[in-house]
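Undergrad: Pasting a structure below so you can have a look.
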Amino acid sequence: MERVYNFSAGPATLPVEVLEKAAEQMLNYENSGMSVMEMSHRSKVFDKIIKDAEADLRKLMNIPDNYKVLFLQGGGHLQFSMVPLNLMKNKVADYIVTGQWAKKAIKEAKKYLQANNVGSSEDKNFTYIPDLKNLKLDPNADYVYICENNTIYGTKFNELPDTLGKDLVSDMSSCILSEPVDVSKYALIFAGAQKNIGPAGTTIVIIREDLITDEVPDYCPTMLSYKIHADKESLYNTPPTYGIYICGLVFKYLLERGGIEAMYKTNLEKAKILYDYLDQSKLFKGTVEKKDRSLMNVTFVTDDEEINARFIKEATEAGLVNLKGHRSVGGMRASIYNAMPIEGVKALVSFMIEFERKVLNAS
Ligand code: PMP
């Protein structure tokens, strides 16, 4: 079978060039006589892999020197706990709740501190980003938390909230590396690798150094302390070595192709092709407010559940796979991360045009 266009929300498609490089290096990585999977995380060879990966990510995101980069495990979900456990001082935090992932984050935080819901879009099933102007932030809040791109619903914070000087924490799981960001505006950024970076199993945390403290509660498990991982340069325990290696290959691939600026340009182009079509279609329609649209996850529906199901089935048969929307919202979702070529988006839109023609002709 040929490779398909894989619109999965994650784990998601990876650049073919990266997969080919990994295949080429599979049995004997750079004359080490072994696969990266088989080598000690304390070996010189792996030390270079992780150091290069960090240096390349720093270059890509222009990460200031007073931020640490950590390669951890546990996915976004573990960050829902690590953030409150490590950042609590006054034991108060403000959360903007824009979907299921932010809801899970606030629920977890409530186990450790007073987590306030300071803005929610749940009234319209998270199809928009709430007004960020007059947020009623708690003067004692240790941080303000956002989920910057809402993978399930297809919304994105296209501007950041005014946190009145409070530290901003962002879950960038589904938008990291998709467009330039000013890291210095954030106290902490985290992302599971499995959407826009590499394979599942690696979680990236970018944290301002002054937030790394050993003043965590006694009950905080050692493995959940940022300080432990920062002090040991992500080698406190055995890290997800192969995943970090693939992330490193992806970083190099991005740097060779003009970095994040170039990705952003293509991402804008890709999203425009799809949204422009949706905006004039008589069959399909986008599900979120235009100003809050995501460049990475494009959600859409028809008015008829049966037609949605038929569309997903026929698209799959045509090699356009994983277009089913998240089970909590239904409809369709096309995830078009960096590694989805523009040809994939064009193929999807051509297929949608033809599908629309058939359906409308038959009715
Ligand atoms: N945050 C966002 C924005 C996500 O999309 C996801 C996963 N889809 C998560 C958090 C949860 O991540 P994980 O499965 O890596 O724990």
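We did not get these values from a lab; they are worked out from the coordinates using the rules stated. Only a predicted model underlies this, so the values are computations on that prediction, with no experimental measurement involved. Quick reminder, even Gly has a Cβ in these numbers, built from the backbone with ideal geometry, and neighbours come from all protein chains shown.
Undergrad: In terms of modelled amide H atoms, which long-range or inter-chain residues lie less than 5 Å from the amide H of V298?
TA: Here the answer is A334, S335, I336, since their amide H atoms fall under 5 Å of that of V298.
Undergrad: Okay, moving on. Using the Karplus curve 6.51 cos²θ - 1.76 cosθ + 1.60 with θ = phi - 60°, what ³J(HN,Hα) values do you get for each residue of segment 23-32, in whole Hz, with x for Gly and Pro?
TA: The phi angles translate into 5, 4, 9, 4, 8, 8, 6, 6, 6, 7 Hz.
Undergrad: Normalized C-alpha radius of gyration of segment 77-134, against 2.2 N^0.38 Å?
TA: Computed over Cα atoms of segment 77-134, the ratio equals 1.13.
Undergrad: Give a residue-ordered list of calculated ³J(HN,Hα) values for segment 33-40 (Karplus: 6.51 cos²θ - 1.76 cosθ + 1.60, θ = phi - 60°; whole Hz; x for Gly, Pro).
TA: Per residue, the Karplus-derived 3J(HN,Hα) values read x, 8, 6, 4, 5, 9, 9, 5 Hz.
Undergrad: If we restrict to alpha carbons, what Rg and Dmax does segment 6-112 come to, in Å?
TA: 18.7, 52
Undergrad: Ok, one more. What are the lysines whose alpha-carbon lies under 18 Å from the alpha-carbon of K68, with same-chain residues fewer than 8 places away excluded?
TA: Excluding near neighbours in sequence, the set is K48, K51, K59, K185, K227, K232.
Undergrad: For S363 and K111 in the same chain, what is the full-extension length gain: residue separation times 0.36 nm, less their Cα-Cα distance, in nm?
TA: Roughly 85.4 nm would be gained on extension.
Undergrad: Using +1 at the C-beta of Lys and Arg and -1 at the C-beta of Asp and Glu, which of N361, Y245, S81 has the Cα lying farthest in the positive direction of the dipole of the chain?
TA: About the Cα centre, the residue reaching furthest to the positive side is N361.
Undergrad: To continue, here is another question. Name the residue farthest towards the positive end of the dipole of the chain from the options M37, S173, T287, assuming +1 on Cβ of Lys and Arg, -1 on Cβ of Asp and Glu, about the Cα centre.
TA: Going by the Cα projections, it comes out as T287.
Undergrad: I need the GluC sites (Glu not before Pro) found in segment 285-363, filtered to DSSP loop residues with at most 13 other beta carbons within 10 Å of theirs.
TA: Loop-located and lightly packed - E289.
Undergrad: Still on this structure: Would you please give the residues with an amide H less than 5 Å from that of G119, counting only those at least 5 places away or on a separate chain, with H modeled from the backbone geometry?
TA: V97
Undergrad: Still on this structure, I have one more. Volume per residue, Å³, of the convex hull around the alpha-carbon atoms of the chain?
TA: 134 Å³
Undergrad: Further question: So which residue, out of N196, N308, N267, gets the largest mean-square fluctuation from a GNM of the chain using Cα contacts under 10 Å as springs?
TA: Per the Cα network of the chain with a 10 Å cutoff, N308 tops the list.
Undergrad: Could you list F46, F7 in order of exposure, starting from the residue whose Cβ has the fewest other Cβ atoms within 10 Å?
TA: Ranked by crowding around the Cβ, least crowded first: F46, F7.
Undergrad: Semi-axes of segment 260-362's equivalent ellipsoid from the Cα gyration tensor, sqrt of 5 times each eigenvalue, largest first, rounded to whole Å?
TA: Calculated on Cα positions only, the semi-axes equal 22, 14, 13 Å.
Undergrad: Could you give each residue of segment 90-106 its phi-based ³J(HN,Hα) in whole Hz, using Karplus coefficients 6.51, -1.76, 1.60 with θ = phi - 60°, and x for Gly or Pro?
TA: Karplus-based 3J(HN,Hα) across segment 90-106 equals 7, 6, 9, 8, 10, 10, 9, 9, 10, x, 4, 6, 5, 5, 5, 5, 5 Hz.
Undergrad: Something else now. Between N140 and S328, how high is the FRET efficiency from 1/(1 + (r/R0)^6) when r is the Cβ-Cβ distance and R₀ = 41 Å? Nearest 0.05.
TA: Efficiency for this residue pair is about 0.80.
Undergrad: What does the charge count around M296 come to, taking other residues whose C-beta lies under 14 Å from its C-beta (Lys +1, Arg +1, Asp -1, Glu -1)?
TA: In short, +1.
Undergrad: Write out the trypsin sites (Lys or Arg not before Pro) in segment 201-250 meeting two conditions: DSSP loop, and at most 12 other Cβ atoms within 10 Å of their Cβ.
TA: K232
Undergrad: Extending each Cα 7 Å along its Cβ direction at E289 and A23, get the distance between those two points in nm, one decimal.
TA: Those two pseudo-labels are separated by 4.6 nm.
Undergrad: What are the chymotrypsin sites (Phe, Trp or Tyr not before Pro) within segment 171-226 that DSSP puts in a loop, where the Cβ has at most 13 other Cβ atoms within 10 Å?
TA: Sparse-neighbourhood loop chymotrypsin sites (Phe, Trp or Tyr not before Pro): Y219.
Undergrad: While we're looking at this one, here's another question. What is the local net charge at R208, summed over the other residues whose Cβ is closer than 12 Å to its Cβ (Lys, Arg +1; Asp, Glu -1)?
TA: Within the 12 Å Cβ shell, the charges total -2.
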